[in-house]
1. Out of the range 156-195, which residues are crowded, with 16+ Cβ neighbours inside 10 Å and not in a helix (DSSP H, G or I)?
2. If you take the residues in the range 71-92 that are of a type outside the set (A, V, I, L, M) and surrounded by fewer than 22 Cβ atoms within 10 Å (Cβ to Cβ), which one is farthest from ALA109 (Cα to Cα)?
3. Scan the range 41-59 and give yes if some residue there is of a type in the set (A, V, I, L, M), closer than 22 Å to GLY236 by Cβ and modelled with pLDDT under 95, otherwise no.
4. Can you pull out every residue in the range 229-256 that is within 29 Å of PHE50 (Cβ to Cβ), at pLDDT below 95 and open to solvent by 50 Å² or more (accessible area, probe 1.4 Å)?
5. Among the residues of the range 1-40, which ones are β-branched (Val, Ile, Thr), under 13 Å from ASP76 (Cα atoms) and modelled with pLDDT under 95?
6. Out of (1) closer than 27 Å to ALA43 by Cα; (2) at pLDDT below 85, the odd one out for PRO226 is which?
7. Give the residues of the range 2-39 that are without any contact (Cβ under 8 Å) to a residue 40 or more places away in the chain and surrounded by 21 or more Cβ atoms within 10 Å (Cβ to Cβ), sorted by residue number.
8. GLY114: surrounded by 15 or more Cβ atoms within 10 Å (Cβ to Cβ), part of a helix (DSSP H, G or I) and out of contact with any Gly (no Cβ under 9 Å at 6 or more places or on another chain), yes or no?
Amino acid sequence: MTAGLLAGAAFVSLWGWADFGGETLGLWVSDAGSALVNAAAAAVILTVAFGYARGEAVRRRWMLVGLGVSAFAIGDVIWTVLEAGMGLSPWPSLADIFYLSEYGFLFAAILGAGLAYRSFVDVRGPVLISSAVGIALVSVGLASFTRPYVWADAELGLAAKALATAYPVLDAALLVVPAVFVALVIRNLGTGRLAWPWWAMVLAAILLGTADTAYYALDATGIAIPGAAWSLIDSGWMGAHAVMAFAAMLARDVERV
């Protein structure tokens with residue numbers, strides 16, 4: 001299943017990179033293809049989550065991950081309708097509400113996974129370190145990109161400025177912080193197989209955060225994003241969600257052993 005998701009992501013990205021079929025068809029393949037890959041990843045994760053008994057903490061965590069990826073996929077559908085279907089600019093738009101909501105779902109899921117081991121590991125150190133990393137990233141992002149490029153841009157409206165600020169801040173606070181936290185916690189657990197899925201989730205968070213950072217760094221500085229670069233960024237988002245689906249299936253498998 002993971003191989004199929006990654007193959008789908010590669011197909012969509014390569015189509016956009018090679019610009020097959022002209023601009024219109026390429027836009028549909030890129031937008032709708034991304035939505036389809038992300039929706040399929042969400043379906044896999046939610047299927048795994050529903051496989052656990054009601055009331056199990058692990059069920060709730062994977063449900064949160066699945067809902068987060070589902071929200072992103074819904075955002076992709078809205079983006080596709082606006083951009084490819086109606087020829088409108090999809091940013092800012094209703095899609096952003098769904099994209100941003102993914103951060104909250106993933107934050108709750110990953111943080112909950114780390115806190116589940118607090119009986120075995122002292123989590124105070126990981127909390128302090130991950131919080132410090134988050135504060136540093138937010139500070140650097142605001143000083144290096146948001147302040148000089150976003151808020152100094154007289155052509156951007158207030159809503160666009162708020163969104164351009166919210167994305168990198170939430171990326172650091174709600175994605176990087178829990179990823180660093182859970183990585184530090186499970187590192188202290190040794191090489192137990194129950195930690196494997198969350199190492200995969202850390203990798204997914206890195207991919208997602210890297211794609212977000214690349215997009216908003218280019219967008220904030222006003223650098224035009226060529227088709228090849230856009231395809232690479234888009235593959236980062238799809239690849240991150242494919243890895244999340246792999247993590248969910250890995251969690252199901254290791255708990256059966």
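The values are calculated or read from the model by the stated rules, or taken from the named source; none is laboratory data. Model, not experiment: these values are computed from the prediction. Glycine also receives a Cβ, built like all others from the backbone with ideal geometry; neighbour counts cover every protein chain displayed. What goes into the accessible areas is simple: the full protein's heavy atoms, side chains included, and nothing from ligands, DNA or RNA. Shrake-Rupley method; radii C 1.70, N 1.55, O 1.52, S 1.80 Å.
1. Of everything in the range 156-195, just one residue is crowded, with 16+ Cβ neighbours inside 10 Å and not in a helix (DSSP H, G or I), namely LEU156.
2. GLY87
3. There is no residue in the range 41-59 that is of a type in the set (A, V, I, L, M), closer than 22 Å to GLY236 by Cβ and modelled with pLDDT under 95.
4. ARG252, ASP253, GLU255, ARG256
5. Correct list: VAL29 only.
6. Result: PRO226 passes all but (1).
7. GLY33, the sole residue that qualifies.
8. Numbers: surrounded by 15 or more Cβ atoms within 10 Å (Cβ to Cβ): yes; part of a helix (DSSP H, G or I): yes; out of contact with any Gly (no Cβ under 9 Å at 6 or more places or on another chain): yes.
So GLY114 fits the description; yes.
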